[in-house]
Amino acid sequence: MKLHEYQGKELLRKHGVTTLAGGAARSADEAVAVAESLGGSVWVVKSQIHAGGRGKGRFKGDVADAVLAQVLEGVDDLPGKGGVRVCMSLDAVRAGAQAMLGQTLVTKQTGAEGSLVQTLFVEAGCQIAKEYYLAILLDRATSRVLVMASAEGGTEIEEVAEKHPERILKEWVDPVVGLGAWQARRLAFGLGMTGKTVNSFVKLVTGLYRTYDGIDASMLEINPLVVTASGDTIPLDAKVTIDDNALFRHPDIVQMRDLAEEDPAEIEAGKYDLSYVKLDGTIGCLVNGAGLAMATMDIIKFYGQEPANFLDVGGGATKEKVTAAFKIITRDPAVKGILVNIFGGIMKCDVIAEGVLAAVREVGLSVPLVVRLEGTNVELGKKILAESGLAVIPADTMADAAEKIVAAVKG
Amino acid sequence: MAILVDSNTRVVCQGITGSAGAFHCAQMLAYGTKLVAGVTPGKGGTSFNDSVPIYDTVADAVKQTGANASVIFVPPPFAADAIMEAADAGVKLIVPITEGIPVRDMVIAWRYLQGKGVRMIGPNCPGIITPGQCKIGIMPGHIHTPGRIGVLSRSGTLTYEAVGQLSRVGLGQSTAIGIGGDPIIGTKHIDALQLFNDDPDTDAVIMIGEIGGSAEEEAAAWAKVHMKKPVVGFIAGATAPPGRRMGHAGAIISGGQGTAEAKYQAMEDAGFHIVRSPAEMGRMMAQVLGRL
């Protein structure tokens, strides 16, 4: 589960990490009120969306479509204003808030559709002397948590990783010990920090690890982590993702979920414990098992069409789950055909066949449907479909199924 | 004798009285697996299906029955604890089937297993089967046939698909192993390839990968130097967009890492016989072995 910056920083503060003072706002009035309460003469007003690259993003309707296309390509110094604005007066805070709230921000990470800005984060300004990159995440190769830091702050870390991997410093954490202060110091000196900045950094990074560990994060990215003119370190941004499997022990974090940032169909699928991801193609897929579901998408592409979704009904699919899955797939107007691919192991094919029929009878069928069943009770399953009188196209193998649905969609 | 499990493997099930545990234990018994004990804290002294004794602790089960492998159906919040309990009791092969264990718990459990000489398969996996001898997990036993092809994959149903295709072209399996879809798993592709390479009863291997991580690349790099047997390879998720998790917690392309194309290239570089269509795994294996 992804969090907004303001939520992430709230969690950091709960774990003793010092951040700049700030507050969330859902209207221009609220934004001004937050700025007033913070005091000072410089404020930063930031769009709260789940995607990164906000500063370099541009708003739909504010700039030409050609500029938005350049945003997606990662071009710098484009005309127009971004999703993060430095304001030198309360009037500027109001104007910035009005210009961003309710508008759609396109960044390199949102894709062309962009993301609607419904919340702003108003934060006190600070004097930046230098920017760094820091991330905490799981390293699969060692099955340990990894702290990565780089002096190339503010830029895309992927670029640094590709061109100058030696510029990324890494420390692996022993889960029994936690992140050692000596490890944080090694990072600080490696990054070229000196004087009181080293101690400030050590305090910050060990606090960040404590947060990561305490909230069951799967990713905590601070980009940029800045050193201020006075030599202190500050997490200027915070991108936090929580391990979905661990949400059961964090009811306070579950409350932070922003459904507006998620695809409605994916939310609906989640209610039925279905794993669904909307894609751009035209052939809907209903499959049991994540690996087979991906392979089914691939074979559709192999035969020249694109999948409309990833959908795994799971191992214990019931008639109700299959029906819900069908409804979600058919609601997508881009779907021109449906491929059901079930390898019934423990799940019996006759039960699946009944589920498919029940779903078709309930939601109707306006596009071609190919069903491939394999495994336990396959003959009975096929018989049920054949005798149903419904226009279900049966298939024997994955290749057979893919060829048939691709042909049917082409008409 | 295939890899890791055979007719001499003595299995204890942790979580045998839960609905999934009970169902799959009945299936394992029916397949002929030597399921010698179950563990459910507080239900020690009772029995499962009037034939398998249940103990309060894994240590008791091991002491009384000589169990040397554990299959775990314990719910996610308690699964990491179950893994560590099995290791502490001296069980050398641990197969957690449980899906949805928090990563933080697994980081700690994995640390605990180091130095104990334990082999873990999974978690979030279908398990392991040596056809005709021993089935530990949730795969449908009847689709498998004894033979000399090793099958290695993260996922359940895609493994069944490969097994089904092999059986259709008349090739049986030495052992089929589903290593699991989580970011932290005990047996990676490279480990399973090594085991198959050293197994005199395996002639060739189907290795199925998935987008995300770099385990397939690591396995291919090892195989390029050491693998003596032909490998047929497929990668699932070539059509998956970056940044989106495809069901499995580990199946995500992030920061340009973990793409299907990079994995295919590594496999090609290692001399694997790759197939771009998942329907071609069995046929390609038959072709490689000169059966077509």
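The values are calculated or read from the model by the stated rules, or taken from the named source; none is laboratory data. All values derive from a computational prediction rather than experimental measurement. Note that each Cβ is placed from the backbone with ideal geometry, even for glycine, and that neighbours are counted across all protein chains shown. Note: areas computed on protein heavy atoms with side chains; ligands, DNA, RNA excluded. Shrake-Rupley method; radii C 1.70, N 1.55, O 1.52, S 1.80 Å.
If the requirement is being among the β-branched types (Val, Ile, Thr), in contact with a strand residue (DSSP E or B) (Cβ under 9 Å, 6 or more places away or on another chain), in contact (Cβ under 8 Å) with a residue 12 or more places away in the chain and open to solvent by 10 Å² or more (accessible area, probe 1.4 Å), which of these qualifies: A:THR282, A:THR296?
Sole residue among the options that is among the β-branched types (Val, Ile, Thr), in contact with a strand residue (DSSP E or B) (Cβ under 9 Å, 6 or more places away or on another chain), in contact (Cβ under 8 Å) with a residue 12 or more places away in the chain and open to solvent by 10 Å² or more (accessible area, probe 1.4 Å): A:THR282.
Taking region B:216-248 on its own, how many of its residues are at the interface with chain A (Cβ under 7 Å from one of its Cβ atoms), surrounded by fewer than 24 Cβ atoms within 10 Å (Cβ to Cβ) and of a type in the set (A, V, I, L, M, F, W, C)?
Count: 1.
Please enumerate the residues belonging to region B:78-99 that are more than 11 Å from B:PRO123 (Cβ to Cβ) and either under 21 Å from the mean Cα position of the chain (by Cα) or part of a loop (DSSP other than H, G, I, E, B) (or both).
B:PHE78, B:ASP81, B:MET84, B:GLU85, B:ALA86, B:ALA87, B:ALA89, B:GLY90, B:VAL91, B:LYS92, B:LEU93, listed by residue number.
Got at least one residue in region B:126-133 being part of a loop (DSSP other than H, G, I, E, B), closer than 18 Å to B:PRO183 by Cβ, within 14 Å of chain A (Cβ to nearest Cβ) and more than 17 Å from the chain's Cα centre (by Cα)?
The answer is no, given that none of the residues of region B:126-133 is part of a loop (DSSP other than H, G, I, E, B), closer than 18 Å to B:PRO183 by Cβ, within 14 Å of chain A (Cβ to nearest Cβ) and more than 17 Å from the chain's Cα centre (by Cα).
Sort out which residues of region B:22-53 are in contact with a strand residue (DSSP E or B) (Cβ under 8 Å, 6 or more places away or on another chain), in a loop (DSSP other than H, G, I, E, B) and farther than 18 Å from B:ILE72 by Cβ, and write them in order of number.
Of everything in region B:22-53, those that are in contact with a strand residue (DSSP E or B) (Cβ under 8 Å, 6 or more places away or on another chain), in a loop (DSSP other than H, G, I, E, B) and farther than 18 Å from B:ILE72 by Cβ turn out to be B:GLY32, B:GLY45, B:THR46.
Take A:SER47 and tell me if it is more than 24 Å from the chain's Cα centre (by Cα) and within 23 Å of A:SER27 (Cα to Cα).
In short, no.
Looking for whichever is in contact with a Gly (Cβ under 6 Å, 6 or more places away or on another chain) and either open to solvent by 30 Å² or more (accessible area, probe 1.4 Å) or at pLDDT below 95 (or both) here; the options are A:VAL45, A:VAL84, A:VAL75. Which one fits?
Every option except A:VAL84 fails the conditions.
Suppose we keep only residues that are at pLDDT below 95 and open to solvent by less than 30 Å² (accessible area, probe 1.4 Å) within region A:240-275. Which one would you say is farthest from the other protein chains (Cβ to nearest Cβ)?
Only one residue fits best here, namely A:ALA265.
Is it true that some residue in region A:345-363 is open to solvent by 60 Å² or more (accessible area, probe 1.4 Å) and at pLDDT 90 or above?
no
Which residues, counting only those in region A:299-326, are open to solvent by less than 10 Å² (accessible area, probe 1.4 Å) and within 10 Å of chain B (Cβ to nearest Cβ)?
Within region A:299-326, A:ILE299, A:ILE300, A:PRO307, A:PHE310, A:LEU311 meet the criteria.
Under the condition of being surrounded by fewer than 16 Cβ atoms within 10 Å (Cβ to Cβ) and on the phi < 0 side of the Ramachandran plot, which residue from region A:96-115 is modelled with the highest pLDDT?
A:GLN98
Any chance you could count how many residues in region B:145-160 are buried (at least 24 other Cβ atoms within 10 Å of the Cβ), more than 7 Å from every other protein chain (Cβ to nearest Cβ) and either under 11 Å from A:LEU292 (Cα atoms) or out of contact with any helix residue (DSSP H, G or I) (no Cβ under 6 Å at 6 or more places or on another chain) (or both)?
Number of matching residues: 1.
Conditions: (1) open to solvent by less than 30 Å² (accessible area, probe 1.4 Å); (2) within 11 Å of another protein chain (Cβ to nearest Cβ); (3) not aromatic (Phe, Trp, Tyr). B:ASN197 meets all but one. Number of the miss?
Among (1) open to solvent by less than 30 Å² (accessible area, probe 1.4 Å); (2) within 11 Å of another protein chain (Cβ to nearest Cβ); (3) not aromatic (Phe, Trp, Tyr), B:ASN197 violates only (2).
Before we move on, is B:ARG283 touching a Leu at 6+ places or on another chain (Cβ under 9 Å), at pLDDT below 85 and within 11 Å of another protein chain (Cβ to nearest Cβ)?
When the stated conditions are applied, B:ARG283 does not pass them.
Could you pull out the residue among B:ASP182, B:ASP203 that is touching a residue at least 60 places away in the same chain (Cβ under 8 Å), more than 27 Å from A:ARG372 (Cβ to Cβ), within 11 Å of another protein chain (Cβ to nearest Cβ) and of a type in the set (Asp, Glu)?
Exactly one residue qualifies, and that residue is B:ASP182.
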